[in-house]
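Enquirer: What follows is a structure written as structure tokens; I'll ask about it next.
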Amino acid sequence: MSKRSANFISAFEFDVIRNAFWRSVVEDCLPREQWETRAGDLVRSFIGIEAPDEVLAALLDLTEKQGSPG
């Protein structure tokens, strides 16, 4: 995937990232204090740029609403 110049991801991309993030949190039994770092790393590796704050906030908000894994 090429580098992006705008802080934009599609709804489809967000859904893929959200599912991958939640799965990694659950499978790795990741403690809550590490969720933001994991989310940022995952978004950066997927879209090729630093994770926009809005995307991180949305990922973490949705994850909080799903509850703690385990």
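The values are calculated or read from the model by the stated rules, or taken from the named source; none is laboratory data. The model shown is predicted, which means the values in this text are computed figures rather than measured ones. With ligands, DNA and RNA removed, areas are computed over all heavy atoms of the protein, side chains included. Shrake-Rupley method; radii C 1.70, N 1.55, O 1.52, S 1.80 Å.
Enquirer: For the stretch 28-36, check the following and say yes or no: at least one residue is at pLDDT 90 or above, hydrophobic (A, V, I, L, M, F, W, C) and open to solvent by 80 Å² or more (accessible area, probe 1.4 Å).
Expert: yes
Enquirer: Name every residue in the stretch 2-22 that is open to solvent by less than 80 Å² (accessible area, probe 1.4 Å), modelled with pLDDT under 80 and among the hydrophobic types (A, V, I, L, M, F, W, C), in order of residue number.
Expert: The one that is open to solvent by less than 80 Å² (accessible area, probe 1.4 Å), modelled with pLDDT under 80 and among the hydrophobic types (A, V, I, L, M, F, W, C): A6.
Enquirer: Give the number of residues within the stretch 34-51 that are of a type in the set (D, E) and not in a helix (DSSP H, G or I).
Expert: So the count comes out to 1.
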